[in-house]
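A short reminder: the numbers here are calculations on the coordinates, not readings from a lab. The shown structure was predicted, so the numbers you read here are calculated from the model rather than taken from an experiment. In this analysis, Cβ positions are derived from the backbone assuming ideal geometry, glycine residues included, and neighbour counts consider all displayed protein chains.
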Number of protein chains: 2
Amino acid sequence: MSPRSESRSEPRIEPRTLKGFQDVLPAKALRRAQLIRRLEDVFRAHGYGPIDTPSLEFAEILKGKGGEESDKQLFEFEDAGERRVALRFDLTVPLARFVAQHQNELVFPFRRYAIGHVWRGERPQKGRLREFMQCDADLVGAVGPAADAEILVLMASAYRALDVGSVTLRVNDRRILNGLLERLAPGSTPSAVLRVLDKRDRQGAEVVLAELATLGIPAAAAARLIEVTAPRADAPATLTALAEAVRGSTVGETGLAHLTRVRELVLAAGVPPAVFSVDPTIARGLDYYTGIVMEARLDALPAVGSVGSGGRYDDLAGLYTNTVLPGVGCSVGIDRLLIALEELEGLEGGAGGSAAANAAKSPAEVLLTHPAAEHGPDALSAVFALAHRLRAAGVRVETFPEDKKHGQQMRYADRQGLAFALTRNPDGSWHGKSLIASSAQELPDEAAVLAWLASRSS
Amino acid sequence: MSPRSESRSEPRIEPRTLKGFQDVLPAKALRRAQLIRRLEDVFRAHGYGPIDTPSLEFAEILKGKGGEESDKQLFEFEDAGERRVALRFDLTVPLARFVAQHQNELVFPFRRYAIGHVWRGERPQKGRLREFMQCDADLVGAVGPAADAEILVLMASAYRALDVGSVTLRVNDRRILNGLLERLAPGSTPSAVLRVLDKRDRQGAEVVLAELATLGIPAAAAARLIEVTAPRADAPATLTALAEAVRGSTVGETGLAHLTRVRELVLAAGVPPAVFSVDPTIARGLDYYTGIVMEARLDALPAVGSVGSGGRYDDLAGLYTNTVLPGVGCSVGIDRLLIALEELEGLEGGAGGSAAANAAKSPAEVLLTHPAAEHGPDALSAVFALAHRLRAAGVRVETFPEDKKHGQQMRYADRQGLAFALTRNPDGSWHGKSLIASSAQELPDEAAVLAWLASRSS
């Protein structure tokens with residue numbers, strides 16, 4: 001159809017969305033749905049099942065754990081029953097509440113994934129979203145190298161399945177950092193030291209040296225700290241350097257032995273050695289993680305930043321229960337990945353996926369055109385019958401829903417990115433057109449249609 | 001693990017959810033995710049792609065259309081920027097706003113599906129949820145029998161794919177009802193008449209007759225109305241009875257001819273005749289739908305009520321644009337279907353699905369147990385390697401993540417509903433246990449493991 005403009009009283013309300021909230025249009029939404037499905041398949045293949053928790057919680061539940069920063073960002077209000085309520089700002093606090101509340105119904109070790117929207121009243125700067133999606137997987141109630149390795153294997157499998165090119169997992173153990181500071185800068189504050197070390201890439205070692213001095217770290221120790229945390233050729237080289245630096249620190253040696261063992265298990269599960277990088281400066285939420293921490297980056301697009309992260313926490317639900325629930329989890333950054341994929345054009349057919357395939361708006365492959373009225377009512381019935389049989393054979397089919405000019409229907413097929421169009425001839429045979437190859441074929445019957453589609457699609 | 005209770009200060013916050021908001025636990029969440037995936041596959045096979053709109057909108061957008069009833073149910077509040085905002089109460093108003101706002105980016109006819117949560121501040125009576133899921137598919141910008149038939153074919157295909165047993169689509173055309181009243185009760189109010197007719201099943205024809213009289217409908221006309229709207233053997237019988245009753249009413253005859261043609265097309269698309277029932281008393285949102293209306297019921301569980309509904313509207317987005325956008329759509333009631341499935345146990349393997357399969361909490365099929373520490377570190381590496389290769393072969397595998405007693409691990413497998421457990425023997429071979437068949441098998445190598453799982457699963 002062409003939407004009609006009629007003389008009518010003016011519409012009363014301007015159609016618009018709130019700042020920081022987005023409409024996801026069909027092409028992007030389909031791509032996101034495809035990514036999420038692959039992610040769910042990976043989670044399930046590792047024994048992680050879904051759970052769902054409410055979007056809205058008692059505000060006290062959500063404010064219990066977060067810092068002042070996240071409290072300020074809450075969408076909090078009073079509901080009709082005069083309760084203080086708020087939209088969740090992540091999926092981890094609801095998981096903690098969930099596990100505490102249902103601990104007698106759940107089986108531990110408890111694996112779950114959750115995919116859903118979260119809300120944060122960020123200042124609406126540089127495209128920051130106030131509603132966005134999180135995809136989390138957590139293993140609650142297990143400690144040790146097997147549990148930690150499992151989450152890393154899960155992450156590596158997820159990015160492989162998402163077909164986003166090679167990914168590096170940068171892994172650390174918080175205890176290694178503690179050991180390093182115990183040996184090289186006793187009494188210093190880990191978060192302050194890390195903030196300074198983080199400037200090396202952009203501002204250089206000189207700046208870092210100077211700033212470490214202001215933290216009271218002697219020059220020799222600071223130089224050693226810079227040297228031992230510098231990137232090395234591979235994980236074994238980094239582990240060797242760290243082993244020397246933490247020697248004598250019990251916590252450091254424990255962390256290093258643990259990380260070494262975790263890496264062995266991850267590699268045993270078929271993750272290529274290059275994927276597992278050791279980086280003693282990765283911290284990610286210092287007040288939260290207590291053991292291993294990791295983040296994922298795309299090798300082809302490091303500028304996109306972290307496309308996933310995770311780590312181990314000692315006590316997930318301490319605010320809600322006195323049962324100690326240690327766990328390890330990860331979060332896959334689906335929105336960042338979507339941005340990256342728009343650059344990589346990698347979703348359909350991997351690196352070979354064409355721009356046209358990515359721009360497709362319809363999830364269908366084939367358009368059956370609407371027969372002209374003069375062909376009689378049976379023509380349309382025949383179109384419905386063919387659509388049914390093609391779908392039964394696994395072909396995704398649209399029928400054009402109105403009696404419009406054939407040229408207009410074909411323009412629609414083109415704009416929607418459909419690969420094929422089929423038109424019924426008055427004699428009951430079919431005219432097939434490939435919109436990709438710009439070729440056409442007369443097809444005497446349904447069997448010929450199916451054979452033609454099969455040969456063209458492969 | 002067994003969660004440990006430690007002496008610690010008491011937890012500060014009671015873990016609880018808001019009234020009308022629910023946690024969905026793993027078994028039910030997995031089932032719902034499986035249903036949603038099947039539904040999405042059907043939508044996509046018919047050319048419907050996903051879109052996503054914000055959960056939160058300007059309150060004026062959401063309040064524009066709804067009646068006072070839905071306005072009162074809104075979760076409405078003032079955000080940090082002093083804007084009046086509200087959580088969406090359905091997916092149709094956001095669709096209207098979306099289509100008006102993006103009409104120049106979209107290709108018409110526009111097909112979309114949307115699956116998401118909606119929020120309504122219902123009185124918390126008899127298990128009414130304040131947050132629940134909707135699954136909608138709409139075709140916007142097309143009129144005529146092909147468009148209407150398409151939505152009915154889509155609904156029938158959806159329920160078939162969901163494997164919920166036989167379903168009846170009760171279909172009407174609002175114009176048939178208007179024609180009936182034009183002929184039999186001119187000047188009466190359709191909604192009032194329908195409300196009375198609706199009491200027939202529960203209160204009998206006598207009560208209906210009496211109440212129609214109070215509406216000013218003469219006894220003979222009322223009796224005729226009751227007779228012509230009574231259930232008949234099949235759709236053709238109903239259509240014949242209606243044809244006689246609306247003869248002479250242009251609107252009634254138009255509606256009837258339209259519905260007759262829609263039915264032809266739906267049957268041409270392979271929908272069994274018994275699925276398409278004509279019911280002139282179906283109305284569903286009188287102030288909203290303008291052409292065909294339908295609702296779906298499970299034949300095996302009519303008491304569950306409508307498990308889906310839909311219809312045609314003349315002007316979707318009139319509040320937001322002066323472009324006239326007619327459409328037709330349907331909504332599949334996934335929450336009601338879940339309740340029904342709990343009764344039918346139909347999801348896994350159809351009617352033959354076992355209660356055990358439905359109670360499964362893990363999406364995995366196989367547990368690889370954690371080797372005892374005395375078997376050395378290579379044993380755990382071998383478990384990780386086997387898990388990787390089984391997953392590569394398409395098997396969903398959990399590894400037990402801690403070094404616990406074998407019996408404890410097996411109890412875990414049982415509680416999680418896992419079908420198989422594999423334990424590594426000290427010599428590197430594997431011990432396979434079927435938890436369904438309570439049988440065991442020694443398996444010398446990985447190939448034997450794969451063959452055993454394949455033979456057991458089929």
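Between copies, the label points at B:ASP201 (set 7 angstrom from Cα along Cα-to-Cβ) are spaced 6.3 nm, reported in nanometres from shortest to longest.
Please report, to one decimal in angstroms, the Kirkwood hydrodynamic radius of the protein assembly as shown built from all distinct Cα-Cα pairs.
Working: mean 1/r = 0.0327 Å⁻¹.
The Cα-based Kirkwood calculation yields 30.6 Å.
Structural descriptor for the range A:386-458: relative contact order 18 percent, calculated from alpha carbon pairs under 8 angstrom and at least 6 residues apart. Give the separation of the Cα centroids, the range A:197-263 to the range A:89-133, in Å. Cα centroid to Cα centroid, the span is 33 Å. Its Cα centre serving as origin, the range A:70-115 has a Cβ charge dipole (Lys and Arg +1, Asp and Glu -1) of approximately 260 debye.
Is the range B:361-457 best put as rounded, prolate or oblate by its Cα gyration tensor, with a ≥ b ≥ c the root eigenvalues, rounded for a/c under 1.5, and otherwise prolate when a/b is larger than b/c, oblate when not? Rounded shape, in that the Cα axes give a/c under 1.5. Per residue, the convex hull around the alpha carbon atoms of the range A:62-122 comes to 114 Å³.
If you take every DSSP beta bridge fully contained in chain B, what fraction is antiparallel? Give it as a percent rounded to 5.
On the way: 49 of 60 bridges.
Percentage antiparallel, nearest 5: 80.
For the rotational copy relationship between B and A, the axis lies nearest to a chain B beta carbon, identified with its distance in whole angstrom as B:PHE77, 2.
Where both bridge residues fall in the range A:362-457, DSSP classifies roughly 60% of the beta bridges as antiparallel.
Per residue of B:325-337, what is the mean number of Cβ atoms on other protein chains within 10 angstrom of that residue's Cβ?
1
Quick one: which of B:LYS19/B:LYS72; B:LYS63/B:LYS199; A:LYS63/B:LYS19 span more than 27 angstrom between C-alpha atoms? Those over the limit are B:LYS63/B:LYS199. Sorted from nearest, the other copies put their A:ILE226 label points 9.6 nm away, the label point being 7 Å from Cα in the direction of Cβ. Between 0 and 90 degrees, rounded to the nearest ten: what's the tilt of helix B:250-268 against the longest Cα principal axis of chain B? The helix B:250-268 is inclined about 30 degrees to chain B. The angle between the Cα long axis of helix B:200-214 and the main principal axis of chain B comes to about 30°, on a 0 to 90 degree scale.
Each copy carries a label point for B:ALA213 at 7 Å from Cα along the beta-carbon vector; from one copy to the others these points are 10.5 nm apart, nearest first. Kirkwood-type hydrodynamic radius, the range B:185-288: 14.9 Å, calculated from all non-identical alpha-carbon pairs. Only alpha carbons enter this Debye calculation for the range B:94-201, each as an equal point scatterer, and the log10 of I(q)/I(0) it gives at q = 0.18 Å⁻¹ is -1.23. Within straight-line reach of A:LYS405, meaning a Cα separation under 18 Å, sit the following aspartates and glutamates at least 8 residues removed in sequence or on another chain: A:GLU374, A:ASP414. When the alpha carbon gyration tensor of the range B:258-348 is reduced to an equivalent ellipsoid, its three semi-axes come out at 27, 18, 12 angstrom, largest first. The mean sequence separation of alpha-carbon pairs under 8 Å and at least six residues apart, normalised by the residue count of chain B, gives a relative contact order of 14 percent. Counting only alpha carbon atoms, the long axis of helix A:92-101 and the longest principal axis of chain A meet at about 80°. For the segment B:150-160, counting C-beta atoms of other chains within 10 Å of every residue's C-beta and taking the mean gives 1.
What ranking do B:LEU212, B:LEU106, A:LEU139 get, fewest neighbouring Cβ atoms within 10 angstrom at the top?
Numbers: B:LEU212 24, B:LEU106 20, A:LEU139 28.
Starting with the residue having the fewest Cβ neighbours, the order is B:LEU106, B:LEU212, A:LEU139.
Here the Debye sum runs over all C-alpha atoms of chain A as equal scatterers in vacuum, and log10 of I(q)/I(0) at q = 0.07, 0.10, 0.13 Å⁻¹ comes out as -0.51, -0.88, -1.21. Counting Cβ atoms of other protein chains within 10 Å of each residue's Cβ and taking the mean over peptide B:38-46 gives 4. Positive contributions from Lys and Arg (+1) and negative ones from Asp and Glu (-1), summed over other residues with Cβ under 13 Å from the Cβ of B:VAL207, come out at 0. When A:ARG424, B:ARG261 are sorted by how many other C-beta atoms sit within 10 angstrom of their C-beta, beginning with the fewest, the order is B:ARG261, A:ARG424.
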